[in-house]
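Visitor: Below are the structure tokens for one structure; questions will follow.
The values are calculated or read from the model by the stated rules, or taken from the named source; none is laboratory data. Since the model is a prediction, treat every value here as computed from it, not as a measurement. Every residue, glycine among them, receives a Cβ derived from its backbone with ideal geometry; neighbour counts consider all protein chains shown.
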Amino acid sequence: MTIPSTSPLAVPFRIAGAVVLAVLLVLSAVPAAFADAAGARWVQQFWPTAQKAGISRSVYMNALGNFTPDPDVLAKARTQAEFVKPVWDYLDGAVSEKRMENGKAALRQYGPQLARIEAAYGVDRSVVVAIWGMESSYGAVLQNEKIVKSTIRSLATLAYQGGSRAKYGRTQLIAALKILQRGDISARGMTGSWAGAMGHTQFIPTTYQAYAVDFDGDGHRDIWNSEVDALASTANYLSRMGWRLGEPWGYEVVVPRGFDWRLADQGKTAPLSAWKKAGLKRVAGRQFPDSDVAARLYAPAGANGPAFLLLPNFKVIKRYNNADAYALGVGHLSDRLRGSGDFVAEWPREVRPLTADERAELQSLLTRLGLYDGSIDGKLGAGTREAIRTYQRQAGQVPDGYASSGLLQALRAGG
């Protein structure tokens, strides 16, 4: 997702100050000129693809006629920093006091519309509003000129620069041009993130095409200027992904001593009755419903932090953003908007998750102890987790398989 930059030009000799200034001014214009020319060539080269997709020449040139790659998008596309933020830090931001306050205000302000949306799509209004809060802080982000970008320019930049994101950029750009051609929004009004997520609830163009709705009845599916359209579109998406009305996203639970933590490995599900038989209980003496829905155990901080039984709606939330932390944030925020309290168990804030390099070091140390014989790749799969559990059992610890900074320090110390 980068375009080649021109190489710096060295001036190996001294010349008069005025001449130096003139030369520098000329040289500073060269990269922009090259980018403009290359961008214009790319626009002409991409036209047959757009034409084949049914885009008119007038729509195409109006959207891309003055295209130049966005350097900020290029920079962000190059940066692939590893996400190692602890889940509790993520939740502190996701479910902040300000976000809860604004979310409750949104529930009041749009109460009648949200009631109609809930009735039409069968999705809990608090979940829809929680996603709105997570995605754009209830629309506040859309007013931030430092963040909001032209969707067309961003996607064209991704398509133009090549690399791993180019196919995504091309696909989403064609979808965005089709949205313009339909007349739902103007090119100027089509704004979003650097990666092409748009409007109040951050739909990418292909998702918009498939699931956006005109709920306010003005003839336009406007997720940029109509909060009602954006909220209804999100509800429609969740409904189509399989939302189960009347069921929560999950339950905070207490895990008994002696529990077999291998049952918490990702992807393993069992009916609620099986989890109850294994000794799991809801926190604060609450009871499980009379249901045998399938659930999986999620303990993002191991045995020393909150644990959750996740129900099918959690997986539906992940269709919006495929990260457990995100879905937990949406689920918890929606609960708080309905008046529920914070999690009962405390997070182990004195520890932190490991970076990729540290995870690889952890695997190397486990290998030296004869506990692990897999790849040293920094990926904590089933083999690594089982090796951690073996080490923890030998050390007299709860064998939860959680890779923390404390575990790495103990391995480094040879203990």
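Visitor: Considering every residue within segment 308-319, establish whether at least one is modelled with pLDDT of 95 or more, more than 23 Å from Thr234 (Cβ to Cβ) and in a loop (DSSP other than H, G, I, E, B).
Guide: No; the residues of segment 308-319 include none that is modelled with pLDDT of 95 or more, more than 23 Å from Thr234 (Cβ to Cβ) and in a loop (DSSP other than H, G, I, E, B).
Visitor: Hey, another quick one. For Asp36, state whether it is surrounded by 11 or more Cβ atoms within 10 Å (Cβ to Cβ), acidic (Asp, Glu) and at pLDDT 95 or above.
Guide: Against the criterion (surrounded by 11 or more Cβ atoms within 10 Å (Cβ to Cβ), acidic (Asp, Glu) and at pLDDT 95 or above), Asp36 does not qualify.
Visitor: I would also like to ask the following. Here are the criteria: (1) over 14 Å from Pro248 (Cα atoms); (2) surrounded by 21 or more Cβ atoms within 10 Å (Cβ to Cβ). Tell me which single one Ala295 does not satisfy.
Guide: (1)
Visitor: Could you check, for segment 226-233, whether at least one of its residues is outside the structural domain of Asp70 (by TED's automatic domain parsing) and among the charged types (D, E, K, R)? Walk me through it before giving the result.
Guide: Looking only at segment 226-233, we keep the residues that are outside the structural domain of Asp70 (by TED's automatic domain parsing), and these are 226-233.
Pick out the ones that are also among the charged types (D, E, K, R) and you get 227, 229.
Scanning segment 226-233, I find at least one residue that is outside the structural domain of Asp70 (by TED's automatic domain parsing) and among the charged types (D, E, K, R), so the answer is yes.
Visitor: May I pose another question? Where in segment 97-214 are the helices (runs of 4 or more DSSP H), entirely inside, with at least 3 residues that are of a type in the set (A, V, I, L, M) and surrounded by 16 or more Cβ atoms within 10 Å (Cβ to Cβ)? Even if it seems obvious, please write down each step before you answer.
Guide: On the way: elements: 97-109, 111-121, 125-136, 151-161, 166-182, 205-211.
Of the helices (runs of 4 or more DSSP H) lying wholly inside segment 97-214, those with at least 3 residues that are of a type in the set (A, V, I, L, M) and surrounded by 16 or more Cβ atoms within 10 Å (Cβ to Cβ) span 125-136, 151-161, 166-182.
Visitor: Considering only residues that are part of a loop (DSSP other than H, G, I, E, B) and under 30 Å from the mean Cα position of the chain (by Cα), look in segment 366-398 and name the one that is nearest to Leu263 (Cα to Cα).
Guide: The selected residue is Gly381.
Visitor: For segment 109-123, indicate whether the set of residues that are under 21 Å from the mean Cα position of the chain (by Cα) and modelled with pLDDT of 95 or more is non-empty.
Guide: Step one: of segment 109-123, the residues under 21 Å from the mean Cα position of the chain (by Cα) are 123.
Narrowing further to those that are modelled with pLDDT of 95 or more: 123.
Yes.
Visitor: Tell me, yes or no, whether segment 74-90 has at least one residue that is over 17 Å from the mean Cα position of the chain (by Cα), surrounded by 18 or more Cβ atoms within 10 Å (Cβ to Cβ) and either outside any loop (DSSP other than H, G, I, E, B) or in the same structural domain as Gly162 (by TED's automatic domain parsing) (or both).
Guide: Checking segment 74-90: at least one residue is over 17 Å from the mean Cα position of the chain (by Cα), surrounded by 18 or more Cβ atoms within 10 Å (Cβ to Cβ) and either outside any loop (DSSP other than H, G, I, E, B) or in the same structural domain as Gly162 (by TED's automatic domain parsing) (or both).
Visitor: Considering each of Tyr402, Tyr391 in turn, give the residue that is under 19 Å from Ala307 (Cα atoms) and either out of contact with any strand residue (DSSP E or B) (no Cβ under 9 Å at 6 or more places or on another chain) or without any contact (Cβ under 8 Å) to a residue 12 or more places away in the chain (or both).
Guide: Going through Tyr402, Tyr391 in turn, the sole match is Tyr402.
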